[in-house]
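What follows draws every value from the coordinates through simple rules; no lab data is involved. What you see is a predicted model, and the numbers here were worked out from it, not measured in a lab. All Cβ positions, glycine included, derive from the backbone under ideal geometry; neighbour counts span all protein chains shown.
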Amino acid sequence: MSGSSAPREIVFVHIPKTAGTAVRGALVKALPDYEAVFDYGPKSSATSEAWREALAVADNPMALAGFRQAIAERGRVLLAGHFEAFKYWNLFAPESFIAVLRDPVERVLSEFSHHRGRYGYEDPIEVFIERPRLRNVMARYLRGTDPRRFGFIGISERLERDIPRLSDVLGVRLKVPRTNIGVHDETVAGHMKDAALRHRIRELNAEDQALYEFFLDRAPGEAVADPLPPALAGIGVAGRMRATLEGTLTGWAVDGVSERAVELEVRSGEAIIGRVRADGFSKWLLTRQLSRNGIGTFTFDLKAALGALPEAERLQTVTVRPVGGVTPIAGALRERRLSLLLGG
């Protein structure tokens with residue numbers, strides 16, 4: 001039985017390649033009176049079959065409310081999976097959330113090794129590390145939240161130090177077996193010694209590096225009052241954007257840390273082509289509990305902004321990111337979509 005100090009609901013944000021599988025297994029074993037609900041996406045066999053439909057439509061306000069009510073009625077629940085924490089941030093107490101971080105270079109090399117071994121990935125690592133989806137993965141998983149308010153954030157390289165603290169937080173004894181962190185094939189092992197490559201990975205993962213360093217020497221589970229470093233200026237912001245064929249860029253962005261209206265910059269490639277403030281009201285944001293006051297929508301005349309660029313620069317990928325932030329909000333407009341927009 002779990003200890004009386006354990007929260008009724010635990011949300012384990014399983015960031016890939018951070019010893020998360022071992023930690024999840026230890027949680028399940030040590031908490032037999034908790035119902036384990038796994039959310040690894042609608043197509044994954046690891047997702048709990050009984051909850052698959054509910055988890056797949058969790059962006060629908062009514063379905064989300066139903067899922068939350070059903071979870072509450074189950075008593076003690078462990079929710080774990082490869083999901084961004086913001087998906088459930090407004091549904092559970094912040095202290096219910098736990099996560100484990102890893103040195104960004106080691107995490108990226110481990111993921112590269114995983115792609116090679118499991119999916120037959122053949123491109124060189126220099127191509128792999130530049131892929132936008134594979135940058136700042138840890139920060140992306142925590143985006144839209146305040147990680148300082150998590151009940152526990154551990155470090156995979158220091159699990160022997162951190163797991164006893166998590167055991168204290170949960171009131172149980174957790175035993176995490178040694179994992180295969182650091183076990184790579186010959187190619188990846190060679191990359192680990194390449195100083196220039198390691199430097200480039202840190203450059204591409206500036207948010208992950210800042211996040212890792214911020215929590216590296218802190219006692220996991222202790223309250224954190226220090227401000228987040230400038231490199232994490234945009235980590236509290238979650239959002240999404242899209243464009244109509246008429247050339248209007250629309251979307252939403254909310255800050256789960258400050259709750260202030262978010263200032264955004266619109267970029268074509270790396271060039272800033274405009275700024276916009278996400279200060280519009282949306283009943284959907286309010287109903288979905290993405291924003292406490294429903295404030296967070298924005299619109300931007302993208303067609304006019306692109307039209308002002310030299311013709312050769314108009315089809316570069318368009319993204320939207322918080323001012324001062326590194327990683328864009330969800331959504332990107334690439335050449336094919338931009339061609340339709342400009343030709344309309």
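Here is how the numbers come out for the structure above:
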{"item": "Spatially proximal aspartates and glutamates relative to LYS303 (Cα-Cα < 17 Å; intrachain offsets below 8 disregarded)", "result": "GLU246, GLU265, GLU311, GLU313, GLU335"}
{"item": "Residue exposure sequence - ASP279, ASP226, ASP162 - by fewest surrounding Cβ within 10 Å", "result": "ASP226, ASP279, ASP162"}
{"item": "VAL28/ARG277 FRET efficiency (R0 30 Å; Cβ-Cβ; nearest 0.05)", "result": "0.10"}
{"item": "Separation of alpha-carbon centers, the stretch 284-311 and the stretch 229-273, rounded to whole Å", "result": "8"}
{"item": "Ascending count of other beta-carbon atoms within 10 Å, so fewest first, for HIS199, HIS14", "result": "HIS199, HIS14"}
{"item": "Anchor LYS43: lysines whose Cα lies under 29 Å away (excluding residues fewer than 8 positions away in-chain)", "result": "LYS17, LYS29, LYS87"}
{"item": "Most to least packed among 116-123, 79-86 [average Cβ atoms within 10 Å]", "result": "79-86, 116-123"}
{"item": "Potential lengthening between LEU245 and GLN69 on full extension [0.36 nm per residue; Cα-Cα distance subtracted]", "result": "59.5 nm"}
{"item": "Efficiency of FRET from Cβ geometry, ARG173 and ARG118, R₀ 41 Å, rounded to 0.05", "result": "0.80"}
{"item": "Label of the coordinate-derived value, percent of Cα pairs over 29 Å apart, listed as (i) 38; (ii) 52; (iii) 44", "result": "(iii)"}
{"item": "Trypsin sites (Lys or Arg not before Pro) within the stretch 18-107: DSSP coil, no more than 13 neighbouring Cβ in 10 Å", "result": "LYS43, ARG74"}
{"item": "The chain - mean residue ellipticity at 222 nm from DSSP helices (-39,500 (n - 2.57) per run, n ≥ 4, rounded to 500)", "result": "-9500 deg cm²/dmol"}
{"item": "DSSP beta bridge pairing in the chain, given as percent antiparallel to the nearest 5", "result": "60"}
{"item": "Net length gained if the chain between ARG337 and GLU126 were fully extended (0.36 nm per residue, minus Cα distance)", "result": "73.2 nm"}
